[in-house]
Every structure is written in structure tokens, then in C-alpha cells.
Amino acid sequence: MSLNIRKAAIVGCGFVGSASAFALMESGLFSELVLVDADHAKAEGEALDISHGLPFAKPMKIYAGDYADLSDAAVIIVTAGAGQKPGETRLDLVKKNVGIFKSVIPQIAENNKYAIMLIVANPVDILTYTAAKLSGYPEGRVFGSGTVLDTARFKYLLGEHLGVDNRSVHAFIIGEHGDSEIAAWSSANVSGIPINNFCEMRGHFHHEEAMRDIAESVKNSAYEIIEKKKATYYGIAMSVKRICEAIVRDEKSILPVSSIQNGNYGIEGVALSMPAIVGKNGVETLVPIELSDEEKAELSNSAETLKKVIDDVM
């Protein structure tokens, strides 16, 4: 079965799945989009609602389907799972969502062995590892949205702090998409100018304090949004669109997606986020970035945190 590079599938039509479907419709990247959900009527409702706006967008086919409809999709986006509730950490979700994946992933793999599988459900690192093991896909073709959104939040806040276009800020959040994530300050820069030099140029001199505050704001932003509006979905939907652009256009963009590590910085047997070249074949290779000894130690701790959870649930 040959894949249709202009066809995507979304498995799970909750807030994140339906917002991602909307973002993909707006993007014009795909000409066909199938929505699959345990509640078929919910998938139908979302497909209809989005389809009614197609006269204002580019022609495409959006419909509710089942697992058999995934057979020729080039990209399968998995958002199925219970959402994070106020007061709940991403890791609290683990057992519930690993259980859901044990039902969902084998059905996807049974119908399509050649797609790229993008995991978006939380906790994304554990579920990326789970999906890679359950699907039998090559590791480069199963990866998670990881810290793509955290990195966007980081760039946004740095842009605000420095009074500069956030697209000129080059910085990564790495490690777990969650409480042990690391702001990689050592490699952060604004158009090639080291971050501390640029801060001083803009009249900011309290680096340690500002770095701590910004990193904490990034880490806690999901909790803050969930507390205020009960769920987060627009930011992650735009992240899904960005990752799909890199795949469909074979952009070879460098994005901090979550993938299984094989000895990078001494980390193995766990999925977490490191900058990677993403193109039509998925994750092509990881990109080594400069990290301080302290950041490397934090990355190892992040990996250990995730490993303990994997050992508990797998």
C-alpha cells in the first residue's frame, strides 16, 4: 500500500485532537484528513464543524473514520488519552494513558506499518516510548511533540523580556516535557549573540534571577492555563502543525521532539526531547548542542525520572 503524503489522520478528538484538526485545515498542508475517536459521533461532529468552513480555506476532505481508514495516511497523529486535570501532574496521567495506548497503538500498526506516528498525548515521553515498543515501527518514525511547545513558550517569554522578535531567539527546552525539563541556557542566543550579552545590550543585568524566573514560567505555563481555562490546546495544535510542515515539506527543520535516546549524553532506553532534524522520514538524526556540566547532570536526572516511571508501567 503506497502512502498518500497529502493525507493525515488524527486519533483522538478531544480538545487537542480537534484543535489540531482545525490548525491542519487552516495550514493547507493536507488534502485529506480522517478523524478517529472511540466516540464516533464526536469525530463526526468535529469533522462536520470544520468542513463547513472549507469554502473559506483550501479544498480538502475531512471526515470521521475508523482504523481501516488509516491505511494510506502518511502522518498519524495520536492525541487519544485522558486530559490533565487541575492539580494533576503529567506523570499522574501515566497509568490511565498507557492503558489506552495498549488498545490504540496495535490497531494503528495493524492497518498501517509505514506512516510517521506523531505522539501528542501526555505524558508525551512515556507514551512515545510505549508507542515505539507497541507499534514495531522503526524508532525514527515514532516520535512525540516533546518540548516543541515548551521551546516556543521559552522563545516567546525571552522575546517579551528582551523586546525582540521571538523568531530571532534561538533556544531550546530539552529533556522531559514536564517538571524535570531543562532550559538549555548554554546554547541560547539571539541571532548568534549569546543570551547574556544580548540581555546586557537591552539593559538587563540580573541574569541568574531572570533565567530562573523565565524557566519557571515556561515549566508552569501549562498548569497556569489549565487552572484558568481547564485545558490547553491552541499552543499544542500550532506545534502539531509546525511538526507536520517539517515532515510533509521534508524541511529538515531542527525541532526538539521526543524520541528514544541511544547513548546521546549517556542516555539510553528512554524517550525525551533533544533537538533533532525532522523531515519526510521522521527523525533523521539528533543535533548535539552545547550543554554545561550542570545542564548535562539535569538531563541525566530528567532521564532517570522518566525511566522510573517506565519501569513502573511497562
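Quick note: the coordinates plus some simple rules give every number you see, no bench work behind them. In this text, all values refer to a predicted model and were calculated from it rather than measured experimentally.
A compact table of results
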{"quantity": "Segment Ser103-His206, length gained on full extension (0.36 nm per residue, minus Cα span)", "calculated": "32.0 nm"}
{"quantity": "Cα-derived Rg over Rh, computed across the range 99-208 with Rh taken as Kirkwood radius", "calculated": "1.15"}
{"quantity": "Value of relative contact order over the range 109-254, rounded to a whole percent, pairs C-alpha under 8 Å and six or more apart", "calculated": "18"}
{"quantity": "Volume per residue that the Cα convex hull of the range 148-313 spans, once the total is divided by residue count, Å³", "calculated": "130"}
{"quantity": "Counting all C-alpha pairs of the chain, share separated by more than 31 Å (%)", "calculated": "28"}
{"quantity": "Kirkwood Rh in Å, taken over all unlike Cα pairs in the range 172-216", "calculated": "11.4"}
{"quantity": "Pairs of alpha carbons in the range 4-144 whose separation is greater than 19 Å (percent)", "calculated": "48"}
